[in-house]
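The values are calculated or read from the model by the stated rules, or taken from the named source; none is laboratory data. If you're wondering where the values come from, they're calculated on a predicted model, not measured in any experiment. Here the Cβ positions follow ideal geometry from the backbone for every residue, glycine too, while neighbour counts run over all protein chains shown. Accessible surface is based on the protein model in full, side chains and every heavy atom, while ligands, DNA and RNA are left aside. Shrake-Rupley method; radii C 1.70, N 1.55, O 1.52, S 1.80 Å.
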Amino acid sequence: MSGENQEIKIVGVDKEAIRTGSDTKEHWVVPFKLSLKPDQSWQARFYEIQKRDANIMKRKLQLDENSIIAEVSAADDLQKVLDAVKVMVVEANVLCEKDYQKKLKIRQELEVLQKEQRDATQKFKDDSDRLVF
């Protein structure tokens, strides 16, 4: 990823923070550590992806600082859950990169328009120097 937009990855599991779920003893809370703390736009994209995802491995997920907290059952294959979450992380990165590129393009277009405005203003100033009174 380029510029100020940085790619987020799952880098591990916080083993010390694994615990039983609050609603039932058959569920476990597993925090997947992220390489960076996601900003608000990344979080919004991640939740957007999570809402529309119809994947069978979809589990209750939430972001907490620099972790994705997954609630899984004892019968779940943790690797499959991780793989599904990784796909959502990659998709959030892609969407954020697209958003960043759009912002960059708009910023560049704005700079061109501002330059054209400055040039037009300077032309009028120069032309006003040649006025005969």
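Need pairs with beta-carbon distance below 6 Å; first residue more than 22 Å from Gln43 (Cβ to Cβ) and within the stretch 6-28, second part of a loop (DSSP other than H, G, I, E, B) and open to solvent by 70 Å² or more (accessible area, probe 1.4 Å); sequence gap 6+ or separate chains.
As it stands, the answer is Glu26/Ala74, since those pairs meet every condition given.
Starting from the stretch 98-123, keep only residues that are of a type outside the set (D, E, K, R), then list their pairs with residues that are open to solvent by 100 Å² or more (accessible area, probe 1.4 Å) whose Cβ atoms are within a distance under 9 Å, requiring at least 6 positions of separation or different chains.
The qualifying pairs are Tyr100/Glu4.
Report, by residue number, each residue of the stretch 1-28 that is within 18 Å of Val89 (Cβ to Cβ) and at pLDDT 90 or above.
Across the stretch 1-28, the qualifying residues are Glu7, Ile8, Lys9, Ile10, Val11, Gly12, Val13, Asp14.
How many of the residues in the stretch 75-133 are within 25 Å of Gln43 (Cβ to Cβ), among the aliphatic types (A, V, I, L, M) and open to solvent by less than 60 Å² (accessible area, probe 1.4 Å)?
9
Would you mind finding the one in Ser67, Ser41, Ser35 that is in contact with a Leu (Cβ under 8 Å, 6 or more places away or on another chain), within 22 Å of Gln6 (Cβ to Cβ) and either basic (Lys, Arg) or surrounded by 12 or more Cβ atoms within 10 Å (Cβ to Cβ) (or both)?
Ser67 is the lone residue from the list that is in contact with a Leu (Cβ under 8 Å, 6 or more places away or on another chain), within 22 Å of Gln6 (Cβ to Cβ) and either basic (Lys, Arg) or surrounded by 12 or more Cβ atoms within 10 Å (Cβ to Cβ) (or both).
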